[in-house]
Amino acid sequence: MNCTLEPDVIVTDVEDGVVLLDQRTGRYWQLNRSGAATLRLLLDGNSAEEAAQALTRNRPEAAERARTDVRVLLQSLVKARLVVVS
């Protein structure tokens, strides 16, 4: 799986996560620290499963919840046309 930002999306780090600006629409999206970490893992070429594993490396009891959260976030980012998955 390859996840990339749409060409017109800008990511800016903020104190508690990241803000994504869709320059096509002028809309802002804010991700908290967990969402920002997940986005970075996905943009670095990790699959949703690999991202969930990385996020829960020290907390294996949270693995199932992380898998669900990563999938939901990725689906939301795709639906909002902020990222492309190929």
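If the condition is being more than 9 Å from Leu82 (Cα to Cα) and not acidic (Asp, Glu), then the stretch 11-28 contributes Val11, Thr12, Val14, Gly17, Val18, Val19, Gln23, Arg24, Thr25, Gly26, Arg27, Tyr28.
Of all residues in the stretch 71-84, those satisfying the criterion of being surrounded by 13 or more Cβ atoms within 10 Å (Cβ to Cβ) and either part of a helix (DSSP H, G or I) or touching a helix residue (DSSP H, G or I) at 6+ places or on another chain (Cβ under 6 Å) (or both) are Arg71, Leu73, Leu74, Ser76, Leu77, Val78, Val83. For the stretch 29-86, the set of residues classified as charged (D, E, K, R) and touching a residue at least 40 places away in the same chain (Cβ under 8 Å) consists of Arg81 only. Among the residues of the stretch 1-29, just one is surrounded by 13 or more Cβ atoms within 10 Å (Cβ to Cβ) and of a type in the set (S, T, N, Q), namely Thr4.
Residues that are among the hydrophobic types (A, V, I, L, M, F, W, C) and under 9 Å from the mean Cα position of the chain (by Cα) were ranked within the stretch 32-65; the one that is most open to solvent (accessible area, probe 1.4 Å) is Leu43.
Checked against (1) exposed (fewer than 13 other Cβ atoms within 10 Å of the Cβ); (2) assigned to a loop (DSSP other than H, G, I, E, B), Thr68 passes all but a single condition, namely (2).
Among residues of the stretch 1-28 that are farther than 14 Å from Ser76 by Cα, those with a Cβ under 7 angstrom from a residue that is open to solvent by less than 60 Å² (accessible area, probe 1.4 Å) and of a type in the set (S, T, N, Q), sequence gap 6+ or separate chain, pair up as Met1/Ser47.
The values are calculated or read from the model by the stated rules, or taken from the named source; none is laboratory data. Predicted model only: the values in this text are computed from it and were never measured. Using ideal geometry, Cβ is built from the backbone for each residue, glycine included, and neighbour counts are taken over all protein chains shown. To get the accessible areas, we keep the full protein, side chains included, count just its heavy atoms, and leave off ligands, DNA and RNA. Shrake-Rupley method; radii C 1.70, N 1.55, O 1.52, S 1.80 Å.
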